[in-house]
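Participant: Have a look at this one.
Coordinate-derived values only; no laboratory data. Here the structure is a predicted model, which means the values were calculated and not measured. When we count neighbours, we look across all protein chains shown, and the Cβ atoms used for this are built from the backbone with ideal geometry, even at glycine.
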Amino acid sequence: MNDDADTPAHRRHTAVLALWRLRTPLLMLGLDEAWDLHRTTVEHAFNALLLAPGTEATAAPAPFPPHLPEGEPDGILAEFQLEVLAELTAWPTTPHPDPDPEHTKRIVHLARDLSRSLDLTVEDCLWDHPARHAHARYLATLPEGAPTGYHQARNLAVEGACHDLATALPPDPTALPATAAGREALALSEAFGVELTATLAWLKSLGR
């Protein structure tokens with residue numbers, strides 16, 4: 001699938017949906033207390049992506065920091081979360097509210113890379129993933145040449161479905177929550193995020 005969307009509006013939809021696939025692990029698994037970043041602040045930043053350019057969102061409970069915490073992240077969960085927070089921090093603001101082609105490609109590839117990294121960590125783990133049998137059955141249905149890692153394969157499947165849905169959406173950013181196709185794309189992204197969250201929570205319980 002082509003990484004670059006055809007129009008600024010399609011680029012925005014594509015980038016927002018890629019970030020939305022990575023949203024739930026930040027909201028459900030807790031953030032490092034040393035970051036001094038509220039969960040509701042992160043949720044507010046995600047919700048702002050669904051607003052039309054120039055629209056004022058309701059005030060966040062605490063300001064989103066202009067810079068991320070320095071130092072090495074402690075564990076795969078913190079590493080995952082910081083990668084996503086970096087893209088939230090870099091999201092363009094007015095007068096150029098839509099991501100350019102390179103920015104869109106970077107966000108799409110972030111979802112791919114984090115999914116692949118998660119698969120590699122699961123593969124290297126001494127313990128079997130709790131859903132390994134379901135994952136194996138899913139992978140067995142894929143055509144030859146598809147990714148061999150479950151999360152990577154699922155991300156690409158959701159990415160493709162979201163791409164098809166976003167192509168037909170109106171240019172208004174609010175089309176994602178305001179149209180049936182947009183809500184379906186958000187729901188698909190959210191469901192994949194729940195899967196990422198379950199695996200990250202399992203790895204965290206193992207001390208990874």
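Participant: Would you compute, from DSSP H runs of 4+ residues alone, the mean residue ellipticity of the chain at 222 nm, taking -39500 (n - 2.57) per run and dividing by the full residue count, rounded to the nearest 500?
Facilitator: Numbers: 9 runs with 124 residues, N = 208.
Roughly -19000 deg cm²/dmol at 222 nm, from the helical runs in the chain.
Participant: Please identify the DSSP H helices in the chain that span no less than 30 Å along the helix axis (Cα) and have a mean Kyte-Doolittle hydropathy of -0.5 or more. It would help to have the intermediate numbers written out before the result.
Facilitator: Numbers: long enough: 101-124 (34 Å, -0.67); 180-205 (37 Å, 0.58).
Qualifying helices: 180-205.
Participant: Using the 2.2 N^0.38 Å rule of thumb for compact globular proteins, work out how the range 117-208 stacks up: its C-alpha Rg over that value, please. Numbers along the way, then the final one.
Facilitator: Numbers: Rg = 15.6 Å, N = 92, 2.2 N^0.38 = 12.3 Å.
Relative to the 2.2 N^0.38 Å estimate, the range 117-208 comes out at 1.27.
Participant: Using a/c under 1.5 as the rounded threshold, could you call the chain rounded, prolate or oblate? The axes a ≥ b ≥ c are square roots of the C-alpha gyration tensor eigenvalues, and prolate needs a/b larger than b/c, oblate otherwise. Don't skip to the answer; put the middle values down first.
Facilitator: Details: a/c = 1.97, a/b = 1.19, b/c = 1.66.
Oblate shape, in that a/c is at least 1.5 and b/c is the bigger or equal ratio.
Participant: How big is the charge dipole of the chain about its Cα centre, in debye rounded to the nearest 20, if each Lys and Arg gets +1 on its Cβ and each Asp and Glu gets -1 on its Cβ?
Facilitator: On the way: 15 positive and 29 negative charges, 108 e Å.
With Lys and Arg at +1 and Asp and Glu at -1, about 520 debye.
Participant: Tell me, what is the FRET efficiency for E190 and E123 to the nearest 0.05, using R0 = 22 angstrom and their Cβ-Cβ distance as r?
Facilitator: Numbers: r = 26 Å, r/R0 = 1.16.
Plugging the Cβ-Cβ distance into 1/(1 + (r/R0)^6) gives 0.30.
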